[in-house]
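Please read the structure below before turning to the comments.
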Amino acid sequence: MDLHQRIKLMSRLASFERDGELDFESCIFHASTPKGKVPILKLMQTTMCDKNCVYCAFRRDREETIRMALKPEEVAKGFMELYTAGKVKGLFLSSGIFGNPEFTMERMIDSVKILREKYGFKGYIHLKLMPGVSLQTVEEAVKVASRISINLETSKEERLRRIAKGKSIVKDMLQKIEYVDRLIRGRKDKSQITQMMVGVEDEKDEEIISAVEYLNRRFRLSRVYFSAFIPVKGTPLENRKPADLKREHRLYQVDFLIREYGFRKEDFERILIEGNLPLDKDPKTAWAEANHWLFPVEINTADYETLIRVPGIGKETAREIIRRRREKSISSPADLKGIKNLSKILRFTLLNGKSFHQKSLI
Ligand code: SF4
């Protein structure tokens, strides 16, 4: 197999073998970076792993997994071929843990160093940190990467012990997240993210929301990613039901509301149904309905913080409403012409004391 074929195969495998027929183009995904959306090659340094996480396609005991490893020079050369052909602009490098975390991470860092130093690549590189690496190696990774991720996976130690024996939330993840946070403070060219799994056990959304709030309050993460559980054939969880993708989507919305709109985990307590978010409506709308006595708000006098809590009103819309009402009082929907989500907004607002929505909020 030549290098191009090996890179293609490793990239397909990096897509977690969700689809055996996945073509190469669909292995290139578009990541949000400080410079906007960028086509990224997702690659594994090796698919060999000494760990046995119950959900993972690369777990040690899974016979079906194709085991391969790329040398650091191969990662760099293979990536550069695709980069110069204009197919990708960045790299997301992950790996199974082979030998020990330190050894694995050093090979990944070597790949990036070759890209940076030998090929002069200055673009976006996302490195996944291996749990269990030393702080010194974390520092090396931060020096060469644009983005670092440390996957928290779940919020409880006992749960992590069940699904990923040998990993520790406090020792392997939170300590490293905190260290990376310190290292990248004030650096616009560096960022950090984490990922949590959804539905790998019977954890409730309230557990995940608590963790999301803690992470957002304590660290400057660009965002928390969620990964809806998908069973992988040949793993102990192969017969477990896949998680609903809508649940993943609702959790993304909650993360956004906490990070950008000042929502707290307590805000969501009233809308949870047996600990889970409703799937049939977005969390902001569900929150407004559960707190219907706070609405409708008068659009001409509500402050910015109140406006951005109105379903349908985002930060940009709130600023636009404030700009328009400075010029002239908003007294009819015509004064809000061009504003997105208008019918939703009218449901929760008054225009000069008058409601332009028929339905009751209750
Ligand atoms: S350590 Fe990572 S690659 Fe290895 S089995 Fe666990 S999740 Fe999979």
Between Ser332 and Gln195, 0.36 nm times their residue separation minus their Cα-Cα distance comes to what?
44.9 nm
On a 0 to 90° scale, report how tilted helix 101-113 is relative to the longest principal axis of the chain, with both axes built from alpha carbons and the result rounded to the nearest 10.
80 degrees
Provide the three semi-axes, in whole Å and in decreasing order, of the ellipsoid equivalent to the chain as defined by the square roots of 5 times the Cα gyration tensor eigenvalues.
42, 24, 19
In Å, descending, principal axis extents of the Cα set of the stretch 144-252:
45, 30, 25
Would you mind checking which residues have amide H under 5 Å from Phe92's amide H? H placed 1.01 Å from N; only 5 or more apart, or other chain.
Leu41, Lys42, Leu43, His126
Please list, ordered by chain and number, the residues whose modelled amide H lies under 5 Å from the amide H of Met196; skip anything fewer than 5 residues away on the same chain.
Glu153, Tyr225, Phe226, Ser227
Short version: ³J(HN,Hα) in whole Hz for each residue of the stretch 334-346, in order, from phi by Karplus 6.51 cos²θ - 1.76 cosθ + 1.60 (θ = phi - 60°), x for Gly and Pro, what are they?
4, 6, 10, 3, x, 7, 5, 6, 4, 5, 5, 4, 5
Lys/Arg Cβ at +1, Asp/Glu Cβ at -1, dipole of the stretch 1-149 taken about the Cα centre: which of Leu70, Met80, Gly132 is farthest positive-ward?
Met80
Exposed loop GluC sites (Glu not before Pro) only (DSSP loop, at most 13 other Cβ atoms within 10 Å): please give the longest stretch of the chain free of them, not including the sites.
65-237
Over the chain, what is the mean sequence separation of C-alpha contacts under 8 Å (at least six apart), divided by residue count, expressed as relative contact order in percent?
11 percent
From the square roots a ≥ b ≥ c of the eigenvalues of the alpha-carbon gyration tensor of the stretch 258-362, which class results: rounded (a/c under 1.5), prolate (a/b over b/c), or oblate?
prolate
In percent, how large is the relative contact order of the stretch 149-296, given Cα pairs closer than 8 Å and 6 or more residues apart?
20 percent
Output the pairs from Lys143/Lys165; Lys8/Lys71; Lys118/Lys176; Lys8/Lys89 with a Cα-Cα distance over 23 Å in this structure; if there are none, say none.
Lys143/Lys165; Lys118/Lys176
Between the alpha carbon centres of the stretch 226-299 and the stretch 142-214 the gap in Å comes to 19 Å
Evaluated at 10 °C with a viscosity of 1.306 mPa s, what Stokes-Einstein diffusion coefficient in µm²/s does the stretch 1-149 have when Rh comes from the Kirkwood expression over alpha-carbon pairs?
103 µm²/s
Choose one answer from Pro278, Pro333, Pro311: the residue with the largest mean-square fluctuation in a GNM of the chain with alpha-carbon springs under 10 Å.
Pro333
Taking the highest mean first, how do the peptides 43-52, 334-343 order by number of other beta carbon atoms within 10 angstrom per residue?
43-52, 334-343
Sequence-distant or interchain residues sharing an amide H contact under 5 Å with Ser191, placed H: which?
Arg147, Ile148
Computed curve, the stretch 228-277, Cα-only Debye sum without solvent term, log₁₀ I(q)/I(0) at 0.12, 0.24, 0.26 Å⁻¹, is -0.38, -0.89, -0.96
For all pairs of alpha-carbon atoms in the stretch 291-350, what percent lies in each bin of width 10 Å, listed from the first bin to the last filled one?
24, 65, 11, 0
Of Ser343, Pro311, Ile330, which is farthest along the charge dipole of the stretch 291-350 in the positive direction, counting Lys and Arg as +1 and Asp and Glu as -1 at C-beta?
Ser343
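Bear in mind these aren't lab numbers, they're just calculated from the coordinates by the rules spelled out. All figures in this text were calculated on a predicted structure; none of them were measured in a lab. Glycine also receives a Cβ, built like all others from the backbone with ideal geometry; neighbour counts cover every protein chain displayed.
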